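The values are calculated or read from the model by the stated rules, or taken from the named source; none is laboratory data. Note that this is a predicted model, so its numbers are computed, not measured. Cβ placement follows ideal geometry from the backbone for every residue including glycine, while neighbour counts extend to all protein chains displayed. The protein model used for the area step is the full one, side chains on, heavy atoms only, and it has no ligands, DNA or RNA in it. Shrake-Rupley method; radii C 1.70, N 1.55, O 1.52, S 1.80 Å.
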Amino acid sequence: MDGIHNHADPQYWAKLRLVADTLKGIQGPIVVVSHVDPDGDAIGSSLGLARALKALGKQVTWIAKVPRYLSFLVKEGEASPPIERVAEGTTLVVVDAAEPSRVEGAPVEGFVINLDHHGTNPRFGNLAVVDPSKAATCQIVKELIDLLDVPWTPELATVVLTGLITDTGNFRFSNTTPELLRTAADLIAHGVPYAELTDRLQWRPPEYFISLAQVLSTIRFHFGGLVVSAHMPPGDYEDDSDDYVGQIRYAEGSQLAVFLRQRGEDVKVSLRSRGGVSAQAVAVKLGGGGHVPAAGATLRGVTLEQAYPKVLAAAEEELRRSGYLEPA
């Protein structure tokens with residue numbers, strides 16, 4: 001798995017202080033963006049940083065396509081539409097994007113600051129703070145906001161806490177560390193309505209449950225139940241792929257959950273793993289990336305029928321590597 005660096009960055013605090021000092025000194029415009037199909041961590045970290053920079057008096061544009069279930073976090077007019085080019089003198093801050101091709105809303109050009117926690121991130125940009133030991137990019141952004149000396153408000157703390165909640169599966173996943181729980185406690189202490197927030201993050205429109213029923217009808221088990229798969233049947237359904245793969249990952253005995261969805265001429269693959277199986281390794285074999293327990297890829301120019309054998313072949317290779325299947 002060349003190019004993957006899942007270890008903590010020993011220079012993390014020095015790099016983060018450099019980013020904080022750089023952001024404090026910027027006089028020109030700042031554009032903050034994240035990745036395509038943004039989740040709670042992407043929205044929480046990018047919006048949280050944008051709000052903090054605005055509190056410092058910076059000229060900030062936050063570009064995001066906010067999914068319906070996270071729209072309650074965003075004020076009217078706060079999100080801006082995509083731009084085709086970054087104006088000269090603008091600082092582009094890319095948050096929670098594993099690679100430049102995953103960035104949505106602006107081309108990766110000009111002076112670029114890269115903040116992320118994906119081990120597959122190539123550390124692009126003029127300044128990069130990438131630490132895969134952090135459970136969420138919101139954890140990095142929280143520590144950056146502290147270095148910026150921005151006063152915490154309930155609105156600011158709520159969006160940053162959102163990323164910690166969603167990227168740890170409500171503090172259930174293996175990336176839930178004592179450090180992360182202390183960070184969450186700090187944020188809650190700033191006035192976050194925690195019970196209300198965690199409840200609201202689970203809301204989905206009626207259409208979601210209709211499409212979930214369709215997804216569950218496609219479930220299949222492979223390699224003696226070690227892999228569980230499902231896909232989105234053709235149709236116009238609510239797009240919450242992470243939710244769907246999160247539903248099937250709890251099949252007893254499964255070590256890898258796979259969810260596929262046709263998007264035009266491509267197939268999006270979402271992966272979740274446990275027990276020493278690396279979703280990241282499977283995703284990398286398919287041309288994608290992510291984390292060891294959660295990753296994804298996009299297969300270009302294929303149908304669902306063509307995608308399944310490719311995904312299952314990559315899954316089989318990883319099951320053999322991790323000892324669940326005998327070597328070939």
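With a probe of 1.4 Å, find how much accessible area the range 197-292 has per residue, and write the answer as a whole number in Å².
43 Å²
Once ligands and nucleic acids are excluded and a 1.4 Å probe is used, how much of Trp152 is accessible, expressed in Å² to the nearest 10?
Accessible surface of Trp152 is approximately 40 Å².
Under 11 Å from the Cβ of Gly44, count the other residues' Cβ atoms, weight Lys and Arg +1, Asp and Glu -1, and hand me the total.
-2
Once phi is turned into θ = phi - 60°, what whole-Hz ³J(HN,Hα) does the Karplus curve with 6.51, -1.76 and 1.60 give for every residue of the range 215-230, x standing for Gly and Pro?
4, 5, 6, 9, 4, 9, 10, 10, 6, x, x, 5, 10, 10, 10, 7
So which of Lys65/Lys268; Lys15/Lys75; Lys15/Lys65; Lys65/Lys310; Lys65/Lys142 end up more than 25 Å apart by C-alpha?
Check vs 25 Å cut-off fails for Lys15/Lys75; Lys15/Lys65; Lys65/Lys310.
If amide hydrogens are placed 1.01 Å from N in the peptide plane, which non-local residues have theirs closer than 5 Å to the one on Val93?
Val31, Val32, Val33, Ile113
Spelling out what I want: for every residue of the range 271-276, take phi, set θ = phi - 60°, compute 6.51 cos²θ - 1.76 cosθ + 1.60 (Karplus), and round to whole Hz; glycine and proline get x.
So the Karplus estimates, Gly and Pro as x, are 10, 9, 9, 8, x, x Hz.
For the chain, what is the relative contact order in percent, using Cα pairs closer than 8 Å and at least 6 residues apart in sequence?
On the way: 630 pairs, mean separation 41.9, N = 328.
13 percent.
Taking every pair of alpha-carbon atoms in the chain, what share in percent sits in each 10 Å bin, from 0 to the bin with the longest distance?
Spelled out per bin, shortest first, that is 6, 26, 35, 24, 9, 1, 0.
Taking the simple approach of a point 7 Å from Cα along Cα-to-Cβ for both Leu56 and Asp146, what is their distance in nm?
1.7 nm
If you count only protein heavy atoms with a 1.4 Å probe, what accessible area per residue comes out for the range 1-95, rounded to a whole Å²?
Here the residues of the range 1-95 average 49 Å² of exposed surface.
Starting from the Kirkwood radius over alpha-carbon pairs of the range 168-213, derive D by Stokes-Einstein at 10 °C in a medium of 1.306 mPa s and give it in µm² s⁻¹.
126 µm²/s
Please list log₁₀ I(q)/I(0) at q = 0.13, 0.17, 0.19 Å⁻¹ for the range 170-319, using the Debye equation with identical point scatterers on the alpha-carbon positions.
Listed by q, the Debye log ratios stand at -0.64, -0.99, -1.15.
Work out, in µm²/s and without decimals, the Stokes-Einstein translational diffusion coefficient of the range 253-326 at 4 °C, 1.567 mPa s, Rh from Kirkwood over C-alpha pairs.
Rounded, D is 108 µm²/s.
To test your reading of the geometry: what angle, between 0 and 90 degrees and rounded to tens, separates the Cα axis of helix 304-321 from the longest principal axis of the chain?
90 degrees
Considering only protein heavy atoms and a 1.4 Å probe, what is the carbon-and-sulfur percentage of the accessible area of the range 163-284?
For the range 163-284, the apolar C and S fraction of the accessible surface comes to 54 percent.
Given points 7 Å out from each Cα along the Cα-Cβ axis, report the Asp199 to Glu84 separation in nanometres with one decimal.
It works out to 4.7 nm between the two label points.
With only alpha-carbon pairs counted, each pair once and no self-pairs, how large is the Kirkwood hydrodynamic radius of the range 1-83 in angstroms?
14.6 Å
Measuring from label point to label point, each 7 Å out along Cα→Cβ, what is the Arg220 to Ser101 span in nm?
Each label point lies 7 Å from its Cα, and together they span 2.6 nm.
Once the principal axes of the Cα atoms of the range 14-168 are found, what is the range along each, listed largest first in whole angstroms?
Over the range 14-168, Cα extents along the principal axes are 34, 33, 32 Å.
Got a sec to turn the phi values of the range 201-210 into Karplus ³J(HN,Hα) couplings, 6.51 cos²θ - 1.76 cosθ + 1.60 with θ = phi - 60°, whole Hz, x for Gly and Pro?
My calculation for the range 201-210 gives 5, 8, 5, 9, x, x, 4, 4, 6, 5 Hz in order.
Taking the Cβ of Pro132 as the center, what net charge do the other residues with Cβ under 10 Å away carry, scoring Lys and Arg +1 and Asp and Glu -1?
-2
Any chance you could give the angle, 0 to 90 degrees and rounded to 10, that helix 40-55 forms with the longest Cα principal axis of the chain?
Long axis of 40-55 versus the principal axis of the chain: about 0 degrees.
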